[in-house]
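Scroll down for the structure; my scribbles are underneath it.
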């Protein structure tokens, strides 16, 4: 059996079916989505790809064929891909399972299967054109995830996301047309410099690098945080993996010290600027967007450690980050109840009615900060340790720390100290409190087991050529 | 395939229609012009791509225009009152200035894409820049989608002269269609769509 049938075609069809099937509530459908995604993650974790697996005492064997072809183009899901494959579907299972408490519409469950499947297809592509085009199609599809049929578009956020994606694609494709035959060229070659410029601009548009970051607060204000968080996390992770694959392919990228210096500056600059902008936001939705943008700063800082170490660091920290992102957006979604529009949400005094969920929102925000000398956030500790300490880095991290903790403090005051203007529209239930507790325990266990994730990340990053 | 004089006409038409798209107000005229732009592009691409690829690209472009038309019709918006002539004049002049800018950056384009014929480089850059201007000029989903499709139409000749492949062209056609679908969906769902085009 070809691996594509199980990890691409099946979840795509199942996701489409779950999304379009008119009957069944989110609470019912989530079990199907979580079971399928979880099962696929489990199989990817346990079963080798491309090698026969003995069954029933070696008389029979099972083989997942690693490669498939489409119009002469190769797509490969081999053993080296199992690390990120298992992670993608495991995250999808968690998002699907928690969707009911976040009061998502049933269409969301379809996305929890279809989006990872499509990104798997993109990452399996061997041809860089295929990978770029499949990724761009996934990013275009986010418009339908972020704006379900029962909602109305509010403003320019989704249009800007559409525009950045559509403008980034030609730049990336033009860069890739210039690279054949230049895989091992020197970074000083003019054609390589031009390709690098186009590639950098394309990635900057797709990832929302400054000055294209404005898409984050706009989308954050218009889209439900749980949907926005899901879309951002998956497309961002796939984009980083694709970038690492491109970098590994081209000597002039992977051996270029300017790339890593630039990534470090970009990481620190993003953290600092996002911290400042976050601190001055009055609109909660825009703040969510800036937190997402700040999150990309940690990614750039991870990748600045070099291709292999950087990708390993990114993957090792992906699990705690994914869980934090999921838990935080979930808590925001529950806190906003019964409304589902963040631009209408008034946080004043809501922590009194829902103290556990509100505490998770405040703690989650604070946990993104680079806490000095305190191993509260393992990614920041690991990345700051990996980067050579210099005044610029320390200043950037200090500004990010001040912005994040200041915002968390302000939110805590709004949620817990300010009085409720009227009777609370929603009070958390014991089930939600139990989920907060379970999530905190899971996060603490995952975040404090860096050894385990490092081992997994080292194996997963062997996927790079 | 040789680069015929008709190809130069088709390329010049592309830039001209892109300028027209910037100036026109009525949505029907905009969509008909977009379909004409795709036809001119397809005609120019025949110089480097086989008929299969060109037909695929052309059909995707026309379908994209049809999707946007469908979205606009479903939006059930009244026909907007035409804007004052000055708005169109300013946009038209800005478009002419953009064309002048393309001529001034000709040497840069020549250094960047030396293997691509000069006429292709200029037409591609002019169309893409005019599309970019269209994208930046309006927050209306229809104009934005048309602008982005114009940028893609400008990029297509540069890409086609360096790369010809069935699957890649298929993905690109899919991208055009999904882009138009997204634009049409936003047009249908938008709350700010009442502003004039």
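Please work out how much length the chain gains when fully extended from residue A:420 to residue A:452, using 0.36 nm per residue of separation minus the C-alpha to C-alpha distance, in nm with one decimal.
Using 0.36 nm per residue and subtracting the Cα-Cα distance, I get 7.1 nm.
Defining a contact as two alpha carbons under 8 Å apart and six or more residues distant in sequence, what relative contact order in percent does chain A show? Intermediate results must be reported in sequence, preceding the final value.
Details: 712 pairs, mean separation 70.1, N = 465.
Reported relative contact order: 15 percent.
So how far apart, in nm, are the two label points at residue A:210 and residue A:31 if each is 7 Å from Cα heading toward Cβ?
Label at residue A:210, label at residue A:31, 5.0 nm between them.
Can you tell me the FRET efficiency between residue B:115 and residue A:390 if r is taken as the Cβ-Cβ distance and R0 is 60 Å, rounded to the nearest 0.05?
Using R0 = 60 Å, I get an efficiency of 0.85.
Could you put A:339, A:107 in order, starting from the residue whose Cβ has the fewest other Cβ atoms within 10 Å?
A:339, A:107
Counting other beta carbons within 10 Å of each Cβ, put B:155, A:10 in order, fewest first. Before the final figure, lay out the partial values.
Values: B:155 22, A:10 15.
Going from least to most buried by this count: A:10, B:155.
Could you give the length gained on full extension between residue A:265 and residue A:53, defined as 0.36 nm per residue of separation minus the Cα-Cα distance, in nm?
Residue separation times 0.36 nm, minus the Cα-Cα distance, leaves 71.6 nm.
Restricting the count to DSSP beta bridges whose residues both fall in the protein assembly as shown, what percent are antiparallel, rounded to a multiple of 5?
Around 80 percent of the beta bridges assigned by DSSP in the protein assembly as shown are antiparallel ones.
Contact order normalised by length for the range B:92-178, with contacts defined as Cα pairs under 8 Å and 6 or more residues apart; what percent is it?
Dividing the mean separation by the residue count of the range B:92-178 yields 26 percent.
Taking beta carbons within 10 Å but only from partner chains, what does the mean come to for residues A:155-167? Write down the numbers at each step before the final one.
Numbers: counts 4, 5, 0, 6, 13, 2, 1, 11, 9, 0, 4, 15, 9.
For peptide A:155-167, the averaged partner shielding equals 6.
What value, in deg cm²/dmol to 500, does the helix sum -39500 (n - 2.57) over DSSP H runs of n ≥ 4 give at 222 nm once divided by the residues of chain A?
The helix-only estimate for chain A comes to -22500 deg cm²/dmol at 222 nm.
Can you compute the FRET efficiency between residue B:26 and residue A:45 using 1/(1 + (r/R0)^6), with r the Cβ-Cβ distance and R0 = 51 Å? Round to the nearest 0.05. Present the calculation step by step, with values, prior to reporting the outcome.
Details: r = 57 Å, r/R0 = 1.13.
About 0.35, to the nearest 0.05.
Using only atoms on other chains, find how many Cβ atoms lie within 10 Å of each Cβ of peptide B:163-176 and report the average.
Partner-chain Cβ atoms within 10 Å, mean over residues of B:163-176: 5.
Order of A:149, A:290 from fewest to most other C-beta atoms within 10 Å?
A:149, A:290
When only Cα pairs under 8 Å and 6 or more residues apart are kept, what is the percent relative contact order across the range A:239-463?
Once normalised by length, the contact order is 29 percent.
Once the Cβ-Cβ distance between residue A:251 and residue B:105 is put in as r, and R0 is 30 Å, what FRET efficiency do you end up with, to the nearest 0.05?
The value I calculate is 0.50.
Report, as an integer, the average count of C-beta atoms from other chains found within 10 Å of each Cβ along A:137-144. Can you show the working numbers first?
On the way: counts 6, 1, 1, 7, 3, 1, 8, 5.
If you average over the peptide's residues, the count of other-chain Cβ atoms is 4.
The numbers here are math on the coordinates, done by the rules we state, and not lab data. These numbers were taken from a predicted model, which means no experiment stands behind them. FYI the Cβ positions are ideal-geometry reconstructions off the backbone, even for glycines, and counts take in every protein chain you see.
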